[in-house]
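This is the structure I want to talk about, given as structure tokens.
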Amino acid sequence: MAMSGTAVRGFDAWSLLDVALIFGLSFGIYKKSRVCAVLMLAYFIVSKIVLMLEAGKPSGLLVALIFAYFYVQGIRGTVAFHKLQVR
């Protein structure tokens with residue numbers, strides 16, 4: 001991966017950053033972080049909006065709504081976990 005903006009096998013530095021961000025947020029959700037769950041949903045929504053604006057049409061909207069539903073369920077799960085946790 002070159003940081004100069006050239007793509008290697010179709011991937012550039014932004015793709016690597018995207019993967020690292022999603023991995024980090026996923027690991028945070030695994031550790032039951034409410035902040036990571038909310039940030040993952042926000043990142044998903046923003047990325048879908050950007051992709052739809054670039055494409056010029058709302059393609060894949062049904063699948064995006066299904067994924068958004070599960071991200072919201074992840075938020076609900078982390079919040080419920082922290083409410084039930086005895087300190």
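Any read-out appearing in this document is the output of simple, stated calculations on the displayed coordinates, not a laboratory observation. Just so we're clear, the structure is a prediction, and the values are computed from it rather than from any experiment. Don't worry about glycine lacking a Cβ; one is built from the backbone with ideal geometry, like all the others, and counts go over all protein chains shown.
Only residues that are touching a Lys or Arg at 6+ places or on another chain (Cβ under 9 Å) and either in a helix (DSSP H, G or I) or within 17 Å of Gly24 (Cα to Cα) (or both): list them for the stretch 38-87, please.
Selection gives Leu61, Ala64, Phe67, Ala68, Ile75, Gly77, Thr78, Val79, Phe81, His82.
If I go through the stretch 25-37 residue by residue, how many of them are assigned to a helix (DSSP H, G or I) and either more than 15 Å from Phe70 (Cβ to Cβ) or out of contact with any helix residue (DSSP H, G or I) (no Cβ under 6 Å at 6 or more places or on another chain) (or both)?
6
Right, something else. Which residues, taken from the stretch 33-68, are of a type in the set (Ser, Thr, Tyr) and closer than 23 Å to Ala20 by Cα?
Selection gives Ser33, Tyr43, Ser47.
Any idea how many residues of the stretch 67-87 are among the β-branched types (Val, Ile, Thr) and loosely packed, with under 10 Cβ neighbours inside 10 Å?
The number of residues fulfilling the criteria is 1.
Give the stretch 53-87 a look and list any residue that's hydrophobic (A, V, I, L, M, F, W, C) and touching a Leu at 6+ places or on another chain (Cβ under 8 Å), or say none.
Ala68, Val72, Ile75
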